[in-house]
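Encoded as structure tokens, the structure appears first; notes follow it.
Quick note: the coordinates plus some simple rules give every number you see, no bench work behind them. Keep in mind it's a predicted model, so treat the numbers as computed, not measured. Glycine also receives a Cβ, built like all others from the backbone with ideal geometry; neighbour counts cover every protein chain displayed.
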Ligand code: 4AD
Ligand code: MG
């Protein structure tokens, strides 16, 4: 007999279900088990006198053990859980659980130690389902626009991007590094004439940050496309992409997100507001009295980033904000610059946290080499600048943090938004 999910078990029929024992009330003549599987919960009712073999198994049971049960599914208005119960005729204990090391209110670190148990909760199941829907919608959106999905290596021979924040490891008789971004290879795909590509994969950062939004390994959703006129084409594509992603999440999980997390999933309207970094600092000072030293205004400070959410809601009634015109010192050497030297890129801030950095890239070999040299990057990036020697279309793209998206969607920390969190002091389980 084939197992059915509890929310699909047909009333009036004899069926087989399986899952975890969420709750157990073992009385003298009757036993009541709350069975939980991926789809929901169901009450199992055992008449111990009528089925002594089942009763024997029930006596061994502990909470969170895994069982398979067979019996008839009947309606019973007295049952709180959906007015249905399975009258058990057969019960197999698949796996006995030891006493639970976690409680509902355990501290976050204990939950991380026993993440596989922590993930059994309804909220965490929803978190992973919403993330799945979000990424699937993004993939679908891009596939329908003829993007090609690529998988770039994470083991690399030279530090990507900056050289700091990179994990170094032994690679036979030499050094290798863990990729900090697929950036260089995304651009190689442009030089290969692929025109439109994306990748969803692991990103490693050797950052000693202990915040709600930093991990040493996270999932990046990166894309790159050719023949753009400016970085505004990249912003436009990203705005549409995220609109599609959040529309899918709202449609599929909006109700449950509201029920379990108390949050509305808002589908952003187009176009998203945008502001130059300097103008944003002026607005934050004028409206909220926020000030920072002039020397810090080339980049967005963490406080300003958070406060920008208030500004974006007050001024535009929008949760997203594009910030442009960062200073060249603070931006990567591969960002294209205009005549005034302003990087042709942006950050996208959602609910006060950076989720993306994007840009038009410098595709002209000589200019690119010059910009790398100015940042003191020579031989390290030679393999990369070679990509631009034999013809390369103008192009741009962005990198989006998937875990950051999930975390902001549900107002949780990044630890909870990852399947397994990695930080400077956490490498297990
Ligand atoms: O802003 P980042 O560093 O940009 C790049 O990697 C560029 N190569 C992207 C580009 O195409 N220009 O990283 C991209 C995104 C961030 O906006 C953030 O959402 C996420 O990756 N991110 C992190 N997420 C979790 N933990 C960390 N330590 C993160 N660092 C970046
Ligand atoms: Mg960034």
Open item on the list: Compute the angle between helix 365-374 and the longest alpha-carbon principal axis of the chain, please, reported from 0 to 90 degrees and rounded to the nearest 10.
Closed with: 80
Task: Ranking of 214, 363 by count of other Cβ atoms within 10 Å, fewest first - done: 214, 363
Task: P(r), alpha carbons of the stretch 345-429 - 5 Å bins starting at zero, rounded % - done: 3, 12, 15, 14, 14, 11, 13, 13, 5, 1
TODO: Using only Cα atoms, tell me the angle between helix 277-288 and the longest principal axis of the chain; keep it within 0 to 90° and round to the nearest 10.
DONE: 60
TODO: Give the span of the stretch 157-285's Cα atoms along each principal axis, as three whole-Å numbers ordered largest to smallest.
DONE: 54, 40, 40
- [ ] Given the options 42, 409, 119, state which has the largest fluctuation in a GNM of the chain using a 10 Å cut-off (strictly under) for Cα springs.
- [x] 42
Open item on the list: For the chain, set up a GNM with springs between Cα atoms under 10 Å and report which of 66, 79, 17 has the largest fluctuation.
Closed with: 79
- [ ] For the chain, set up a Gaussian network in which alpha carbons nearer than 10 Å are linked by springs, and say which option among 102, 400, 241 fluctuates the most.
- [x] 102
Open item on the list: Once each part is reduced to its C-alpha centroid, what is the distance from the stretch 68-136 to the stretch 15-56 in angstrom?
Closed with: 14
- [ ] Among DSSP beta bridges lying fully in the chain, give the percent that are antiparallel, nearest 5.
- [x] 90
TODO: Could you please rank 335, 278, placing first whichever residue has the fewest other Cβ atoms within 10 Å of its Cβ?
DONE: 278, 335
- [ ] Determine the relative contact order of the chain: mean sequence separation of Cα pairs under 8 Å and six or more apart, normalised by residue count, in whole percent.
- [x] 13
Task: the stretch 10-160, relative contact order in percent, only Cα pairs under 8 angstrom and at least six apart counted - done: 19
Task: CD proxy at 222 nm, helix term only [per DSSP H run n ≥ 4: -39500 (n - 2.57); per residue of the chain; nearest 500] - done: -9500 deg cm²/dmol
TODO: Compute the acute angle (0 to 90°) between the alpha-carbon long axis of helix 122-143 and the principal axis of greatest extent of the alpha-carbon atoms of the chain; round to the nearest 10°.
DONE: 50
Open item on the list: Can you give me the Rg/Rh ratio for the chain, using Cα atoms for both radii and the Kirkwood formula for Rh?
Closed with: 1.07
